[in-house]
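S.K.: Before I ask anything, let me first share the structure, which is written out below as structure tokens.
The values are calculated or read from the model by the stated rules, or taken from the named source; none is laboratory data. None of these values were measured; they are calculated from a predicted model. Note: ideal-geometry Cβ built from the backbone for every residue, glycine included; neighbour counts use all protein chains shown. In case anyone asks, the SASA skips ligands and DNA or RNA and just uses the protein heavy atoms, side chains included. Shrake-Rupley method; radii C 1.70, N 1.55, O 1.52, S 1.80 Å.
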Amino acid sequence: MGFDFTFAIWPPGQTLTTIALNPTYQLAARYFCLNLALVLMALLWGASFAGMLIRREKDRRSTLHLSSFIFICIGTGLALVIAELFSLVLLRTLTPGSVIFLFTTTSVLACYLLYLCWRDIQRIISFANKSNIFTTVTVLLFLCIYQFSSISPWTLGDATKYHVPYADFFLLNKGISAISDYFVYPYQSLNLNILFSLGLLIDRDLSFIQTIHASFATLTLFGIYVFCINAISRQKLCWVLLLLFVFSKIYIVYFSRIIANVDLGSMYFILSAVFSLYLWINFRSKWLLILSAISFGIAIGTKYLMCIFALPIAICILLNEGRNWRPLLTYIIWAAVWGLWWYIRNFIYTGNPVHPFASNIFGLYLWDESDVISQMQSLLAESIPKTIRGFLLMPYYAFIHPIASYQGPFLVIAILYTSTLFCWLLNRAINSLLIFCWIYLALWFIGAQDSRYLMPIMPLVFVYCGFVLDALFSSFFCTRTGKVLSGLLLTTVLIATAMFSQQLFYRVFYCWAGEPADLYENAMRQNKVYDLISHANEIFGPHATVYEFAMGDGRWFFKGTLAGNQFGPHSYSHIIAASTYDNSAIMSPVKLESVLKERYNAEGFLIAPPPYMPYDANEFNTYFDLKYQNDIGFVYKFRH
């Protein structure tokens, strides 16, 4: 089910002093502090922006927990950070100097605006009472440990194939332009990739980018906490800690923290948008609606898939406003201003705002029809039967199917199905969460059933489950027996959380090996793709063009130009289709060398071994110089 209950002991032979002096911990502490500074800066910016909106409202009916205000302000502040980075990209001035100047100026201005509207903010905030102090301290301590443990040897996959190269492309070009068609998806919504550019300005070994990405998981856990304390009764500590512990242990969430894609960021901004909308439903304060729209705009500017949430958001607003269309119109305008940057840019360059999708409407660009068909077939590959019976029995199929159950969608689907049975216990505002969850789950069911694509509703499902558990057991826990069981459950969760926190420290201590001088290099050498690309750099030099067959995961690490792609004008299919053997094999060595030199001025190529890439290995070894090989590929250089 993608859930790990293993625990580790304290690193043998280590004390607090030796651990503090360990270079791995020192590196983790450095990135933790840098990330904390980014979050605090976002909080400052977001609070000043929210304060100015609050100041403009005559009727201030909202009364928020301080933690709730902090959470939605962090989301707004990160949106402002992304917007400022985009403005630098648009003006082609994305440099360290311009970033420092703009961020410093904005921070000073934010302090001044916060000073002006501080009294207005105080009127809508209720500071945590004594009963919440222990809960808050416990949660914050766990979140700090959770974030601190996120540092790890860099992983590959989509992160180094295109997410990080996107970020680097903005820096190399000092702004926005047509992205190289060597990328798998040269045109996407890239809000988080711009944020990753900030990480590259600070550290080129990618660890800070990975820490920034991991912080979205930590902030999501914080969001689950603040969402729950708005409605859960006196037994909130028991349920909140249980929910946080279980959510933090879901494999897909835990694993995503050590890579740098955009799934955690999408999940966080959707949670921020829905939480602000939930508060708006309760208090009807326009500033909450605007902040929700900003977070949603950033979400759709991060990943196309987040546009699905436009439908449940519109339904929720209309259900609560009836024939009054003004709030929905306000939401659409603010979300569009903050979310359509990349769609406009894509349309300008390709004629398709959602390239490469919807090519039947907007036409083809870079990709041909076979590329689109291949991509859609891979996305729509059936895991759970797409029938009415399959939908009704989705928890069962998610449990037994090896593809669907991998990385844990079963847990989320089962919780949603079970919790919905008790929806009659909750009020309309809380039940509005079901609109988001069920609409998204239905579209996930008929579309791409990838476990990563369930992540945007995972925190919403857990929050709703917390509300249901509280409604079911709040009366029972007031009894003598209930108090005993509540104490036992709380004790169990605290012990499990403490053990998990200790496991996180243990993982950090053993995640990297080597001396401080080559800590990163030694850790990465254990990765076969990185090892192959590193040797290719030594063989070809920093300015060479090399074609890659199924080695795109190492694109970031290659110093020269790594041509070749899964889709588009440089796809492997163009090489394989011209086969002299059969319809599935790569062309002969003589013709392959001629084509690669003519089209790319290539000096060699990287290739995965048969049968993953079909070719005659003996003939290739005879005709080309085999310079290096490991378990996952070969480096060939042309002799002529």
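S.K.: Give me the residue from region 552-588 that is among the aliphatic types (A, V, I, L, M) and modelled with pLDDT of 80 or more and, out of that set, farthest from Leu364 (Cα to Cα). Spell out how you get there, then give the answer.
M.R.: Step one: list which residues in region 552-588 are among the aliphatic types (A, V, I, L, M), which gives 562-563, 575-578, 585-587.
This time we only want the ones that are modelled with pLDDT of 80 or more, so: 562-563.
On the way: Leu562: 24, Ala563: 21 Å.
Within region 552-588, the match that is farthest from Leu364 (Cα to Cα) is Leu562.
S.K.: Here's another thing I want to ask about it. Being over 22 Å from Phe620 (Cα atoms), open to solvent by 30 Å² or more (accessible area, probe 1.4 Å) and either in contact (Cβ under 8 Å) with a residue 60 or more places away in the chain or among the hydrophobic types (A, V, I, L, M, F, W, C) (or both) is the filter here, so list the residues in region 522-532 that pass it.
M.R.: As a first pass, look at region 522-532 and keep what is over 22 Å from Phe620 (Cα atoms): 522-527, 530.
Checking the rest, the ones that are also open to solvent by 30 Å² or more (accessible area, probe 1.4 Å) come to 522, 525-527.
Once the filter is applied, which keeps residues that are over 22 Å from Phe620 (Cα atoms), open to solvent by 30 Å² or more (accessible area, probe 1.4 Å) and either in contact (Cβ under 8 Å) with a residue 60 or more places away in the chain or among the hydrophobic types (A, V, I, L, M, F, W, C) (or both), region 522-532 yields Gln526, Asn527.
S.K.: Here is a follow-up. Could you please let me know if Leu392 is surrounded by 17 or more Cβ atoms within 10 Å (Cβ to Cβ) and either under 27 Å from Met376 (Cβ atoms) or modelled with pLDDT under 90 (or both)? Before you say what the answer is, go through the steps one by one.
M.R.: Working: surrounded by 17 or more Cβ atoms within 10 Å (Cβ to Cβ): no; either under 27 Å from Met376 (Cβ atoms) or modelled with pLDDT under 90 (or both): yes.
The answer is no for Leu392.
S.K.: Then there's this: Any idea how many residues of region 282-311 are among the hydrophobic types (A, V, I, L, M, F, W, C) and more than 27 Å from the chain's Cα centre (by Cα)?
M.R.: 1
S.K.: Quick one: which residue in Val461, Val468 is open to solvent by less than 40 Å² (accessible area, probe 1.4 Å), more than 27 Å from the chain's Cα centre (by Cα) and at pLDDT 75 or above?
M.R.: Numbers: Val461 fails: more than 27 Å from the chain's Cα centre (by Cα).
Selected residue: Val468, the only one of Val461, Val468 that is open to solvent by less than 40 Å² (accessible area, probe 1.4 Å), more than 27 Å from the chain's Cα centre (by Cα) and at pLDDT 75 or above.
S.K.: From Ile133, Ile145, Ile124, which residue is modelled with pLDDT under 90, in contact with a strand residue (DSSP E or B) (Cβ under 7 Å, 6 or more places away or on another chain) and farther than 26 Å from Asn191 by Cβ?
M.R.: On the way: Ile133 fails: in contact with a strand residue (DSSP E or B) (Cβ under 7 Å, 6 or more places away or on another chain); Ile145 fails: in contact with a strand residue (DSSP E or B) (Cβ under 7 Å, 6 or more places away or on another chain).
Residue meeting the stated conditions: Ile124.
S.K.: Determine if region 348-357 includes at least one residue that is touching a helix residue (DSSP H, G or I) at 6+ places or on another chain (Cβ under 6 Å), over 24 Å from Trp444 (Cβ atoms), of a type in the set (Phe, Trp, Tyr) and in contact (Cβ under 8 Å) with a residue 24 or more places away in the chain.
M.R.: No, region 348-357 contains no residue that is touching a helix residue (DSSP H, G or I) at 6+ places or on another chain (Cβ under 6 Å), over 24 Å from Trp444 (Cβ atoms), of a type in the set (Phe, Trp, Tyr) and in contact (Cβ under 8 Å) with a residue 24 or more places away in the chain.
S.K.: Tell me, please, whether a residue that is in a helix (DSSP H, G or I) and over 20 Å from Leu271 (Cα atoms) can be found in region 426-435.
M.R.: Here is the first cut: in region 426-435, the ones in a helix (DSSP H, G or I) are 428-435.
Add one more test, that the residue is over 20 Å from Leu271 (Cα atoms), and what stays is none.
So far as region 426-435 goes, no, none of its residues is in a helix (DSSP H, G or I) and over 20 Å from Leu271 (Cα atoms).
S.K.: A further question follows. Need pairs with beta-carbon distance below 6 Å; first residue closer than 16 Å to Pro456 by Cα and aromatic (Phe, Trp, Tyr) and within region 274-288, second open to solvent by less than 10 Å² (accessible area, probe 1.4 Å) and in a helix (DSSP H, G or I); sequence gap 6+ or separate chains.
M.R.: Correct list of pairs: Phe275/Phe227.
S.K.: Still on this structure, I have one more. In this structure, is Leu380 over 15 Å from Gln449 (Cα atoms), of a type in the set (A, V, I, L, M) and either open to solvent by 40 Å² or more (accessible area, probe 1.4 Å) or modelled with pLDDT of 85 or more (or both)?
M.R.: Working: over 15 Å from Gln449 (Cα atoms): no; of a type in the set (A, V, I, L, M): yes; either open to solvent by 40 Å² or more (accessible area, probe 1.4 Å) or modelled with pLDDT of 85 or more (or both): yes.
Here the answer is no, as Leu380 does not meet what is asked.
S.K.: Do you know which residues across region 222-264 are among the charged types (D, E, K, R), at pLDDT 80 or above and surrounded by fewer than 22 Cβ atoms within 10 Å (Cβ to Cβ)? Give the steps one after another, and end with the answer.
M.R.: Kept after step one, since they are among the charged types (D, E, K, R), are these residues of region 222-264: 234, 236, 249, 257, 263.
Narrowing the set further to residues that are at pLDDT 80 or above leaves 249, 257, 263.
Answer for region 222-264, where residues must be among the charged types (D, E, K, R), at pLDDT 80 or above and surrounded by fewer than 22 Cβ atoms within 10 Å (Cβ to Cβ): just Lys249.
S.K.: Residues that are open to solvent by less than 10 Å² (accessible area, probe 1.4 Å): find the strands (runs of 3 or more DSSP E) completely inside region 533-640 holding 1 or more of those. Walk me through it before giving the result.
M.R.: Values: elements: 545-549, 561-563, 604-607, 625-630, 633-637.
Of the strands (runs of 3 or more DSSP E) lying wholly inside region 533-640, those with at least 1 residues that are open to solvent by less than 10 Å² (accessible area, probe 1.4 Å) span 545-549, 561-563, 604-607, 633-637.
S.K.: Test Tyr268 against the criterion of being assigned to a helix (DSSP H, G or I) and open to solvent by less than 10 Å² (accessible area, probe 1.4 Å), and give yes or no. Steps first, answer last, please.
M.R.: Working: assigned to a helix (DSSP H, G or I): yes; open to solvent by less than 10 Å² (accessible area, probe 1.4 Å): yes.
The answer is yes for Tyr268.
S.K.: Kindly evaluate Ser98 against the criterion of being farther than 27 Å from Phe275 by Cβ, open to solvent by less than 50 Å² (accessible area, probe 1.4 Å), among the polar types (S, T, N, Q) and part of a helix (DSSP H, G or I).
M.R.: Values: farther than 27 Å from Phe275 by Cβ: yes; open to solvent by less than 50 Å² (accessible area, probe 1.4 Å): yes; among the polar types (S, T, N, Q): yes; part of a helix (DSSP H, G or I): yes.
Spelling it out, Ser98 is indeed farther than 27 Å from Phe275 by Cβ, open to solvent by less than 50 Å² (accessible area, probe 1.4 Å), among the polar types (S, T, N, Q) and part of a helix (DSSP H, G or I).
S.K.: If the requirement is being in a helix (DSSP H, G or I), crowded, with 18+ Cβ neighbours inside 10 Å and touching an Asp or Glu at 6+ places or on another chain (Cβ under 8 Å), which of these qualifies: Ile54, Ile82? Even if it seems obvious, please write down each step before you answer.
M.R.: Details: Ile82 fails: touching an Asp or Glu at 6+ places or on another chain (Cβ under 8 Å).
That would be Ile54, the only listed residue that is in a helix (DSSP H, G or I), crowded, with 18+ Cβ neighbours inside 10 Å and touching an Asp or Glu at 6+ places or on another chain (Cβ under 8 Å).
S.K.: Condition first: of a type in the set (A, V, I, L, M) and either open to solvent by 10 Å² or more (accessible area, probe 1.4 Å) or assigned to a loop (DSSP other than H, G, I, E, B) (or both). Now tell me which residues in region 191-218 satisfy that. Step through it out loud before you land on a result.
M.R.: Let us first name the residues in region 191-218 that are of a type in the set (A, V, I, L, M), namely 192, 194-195, 198, 200-202, 206, 209, 212, 214, 217.
Leu198, Leu201, Ile202, Leu206 - these are the residues of region 191-218 that are of a type in the set (A, V, I, L, M) and either open to solvent by 10 Å² or more (accessible area, probe 1.4 Å) or assigned to a loop (DSSP other than H, G, I, E, B) (or both).
S.K.: Here is a further query. Cβ-Cβ below 9 Å, separation at least six or inter-chain, first residue in region 604-632 and of a type in the set (Asp, Glu), second not in a loop (DSSP other than H, G, I, E, B): which pairs?
M.R.: Pairs that qualify, where the first residue is of a type in the set (Asp, Glu) and the partner is not in a loop (DSSP other than H, G, I, E, B), are Asp616/Pro589; Glu619/Pro589; Asp625/Gly604; Asp625/Tyr636; Asp625/Lys637; Asp631/Lys528.
S.K.: Just checking, how many residues over region 278-299 are within 22 Å of Thr218 (Cα to Cα) and at pLDDT below 95?
M.R.: Total satisfying the criteria: 2.
S.K.: Could you list all residues from region 350-373 that are surrounded by 16 or more Cβ atoms within 10 Å (Cβ to Cβ) and of a type in the set (Ser, Thr, Tyr)?
M.R.: Thr350, Ser359, Tyr365
S.K.: Is it fair to say Ala314 is open to solvent by less than 40 Å² (accessible area, probe 1.4 Å), among the aliphatic types (A, V, I, L, M) and more than 21 Å from the chain's Cα centre (by Cα)?
M.R.: Values: open to solvent by less than 40 Å² (accessible area, probe 1.4 Å): yes; among the aliphatic types (A, V, I, L, M): yes; more than 21 Å from the chain's Cα centre (by Cα): yes.
Yes: the conditions hold for Ala314.
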